[in-house]
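The values are calculated or read from the model by the stated rules, or taken from the named source; none is laboratory data. Given the structure is predicted, the values throughout are model-derived calculations rather than measurements. Every residue, glycine as well, gets a Cβ built from its backbone with ideal geometry; the counts of neighbours run over all protein chains shown.
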Amino acid sequence: MTRQIEETRETRGETKENGRPAPAQVQRGLPPRVEMDVRHVILVLSGKGGVGKSTVSVNLAFALANHGRRVGLLDLDLHGPSVPKMLGLEGQVPAVIGNAIQPVPVTGNLSVMSMAFLLPNPTDPVIWRGPMKIGAIRQLLTEVNWGSLDYLVVDLPPGTGDAQLTMAQQTPLAGAVIVSTPQDLALIDAQRGIEMFRKVNVPILGLIENMSSFCCPACNHITPIFGHGGARDEAERRGIPFLGEIPLDISIREASDDGRPIVATDPDSVHARRYVAIARQLWQSITTGAATKPAPRIVIE
Ligand code: ADP
């Protein structure tokens, strides 16, 4: 961990000794600047934790990859990186070739990178100060050799902090997708995310209502445990697209916990189709707008 923090400092151009900017000649040991060849970067956000943001990120990445796109999934949820577990890839150690970290392959056209792969013990709590967090995010953006991608799906931590701002300011984005459960308490936090990204001119691609209703497997009775329709109403109120509802269902939870996301293992199931429909809306809205422009090349200075 210390090594990682020191590397992060070096990446920020600080000396190990005094934390002040290092003179240019001392920075020669830094890895070369990396360009990411990505057509569309999609951020997945939520106002609070536990609303299903990572589950949505993972299933959307599979839906895009199943559609024949080259997809990278970047888990930037530094405090609780859960994507490796959801993919059954815990304990993987990414290969390093030259100065570049290789993302972990999931399928032929889907690969993943997570801070969890780089921590000696991913279950230990990691305390990130703001600048360290920004340095770590920059490292994950600049030192991972994704190759040429159609989509990079980025699972961000909940809230409106350094990670969100770093991504908004340092990468050209297709836009942000916000995940919320239907009840007011979650939606109030989601509103903050929407406002923050509007302020920094990042397009809001839409709002997803997760855990939208619960269908009892015993009696088929539908219970809106967290309410129902709140996210749709909020999207309408704010004039942003509503991308769809995903029910609260045990098969979604079990699939994630087993490391076999539902879109990967049961793509024709009724719930998987919800994620696929959302992914379709996303690629349609992105490709009818941004994709008609030349593919952006991401250069991080
Ligand atoms: P977040 O990234 O917002 O913290 P997660 O994606 O980690 O949330 O989801 C939290 C928990 O809720 C996980 O156990 C996940 O499997 C479960 N979960 C997410 N979405 C659903 C859903 N639609 N139905 C049932 N369980 C879900």
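General observations
- Elements of type helices (runs of 4 or more DSSP H) contained in region 174-290, each with 1 or more residues being farther than 26 Å from V112 by Cβ: 184-199, 230-238, 270-288
- Verdict on V56 being of a type in the set (A, V, I, L, M) and modelled with pLDDT under 95: no
- Among the criteria (1) more than 13 Å from the ligand (Cβ to nearest atom); (2) buried (at least 24 other Cβ atoms within 10 Å of the Cβ), the one S57 does not fulfil is (1).
- Selection count where residues are under 19 Å from A186 (Cβ atoms) and within 11 Å of the ligand (Cβ to nearest atom), scope region 232-255: 7
Each row is one residue, and each column tells you yes or no for (1) modelled with pLDDT of 90 or more; (2) surrounded by 17 or more Cβ atoms within 10 Å (Cβ to Cβ).
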{"position": "P172", "(1), (2)": "no, no"}
{"position": "G175", "(1), (2)": "yes, yes"}
{"position": "V179", "(1), (2)": "yes, yes"}
{"position": "A186", "(1), (2)": "no, yes"}
{"position": "M196", "(1), (2)": "no, yes"}
{"position": "K199", "(1), (2)": "no, no"}
{"position": "L205", "(1), (2)": "yes, yes"}
{"position": "N220", "(1), (2)": "no, no"}
{"position": "I225", "(1), (2)": "no, no"}
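- In region 94-103, the condition of being within 21 Å of V179 (Cβ to Cβ), of a type outside the set (S, T, Y) and not in a loop (DSSP other than H, G, I, E, B) is met by no residue.
- Conditions (1) buried (at least 17 other Cβ atoms within 10 Å of the Cβ); (2) outside any helix (DSSP H, G or I); (3) at pLDDT 85 or above: number failed by D37: (1)
- In region 101-130, the residues that are surrounded by 14 or more Cβ atoms within 10 Å (Cβ to Cβ) reach residues that are modelled with pLDDT of 90 or more and among the acidic types (D, E) with C-beta atoms within less than 6 angstrom, at least six apart or across chains, in these pairs: S114/D75.
- Checked against (1) within 11 Å of the ligand (Cβ to nearest atom); (2) more than 16 Å from I42 (Cα to Cα), V263 meets all criteria but (1).
- Which listed residue, of R232, R260, is of a type in the set (K, R) and touching a strand residue (DSSP E or B) at 6+ places or on another chain (Cβ under 6 Å): R232
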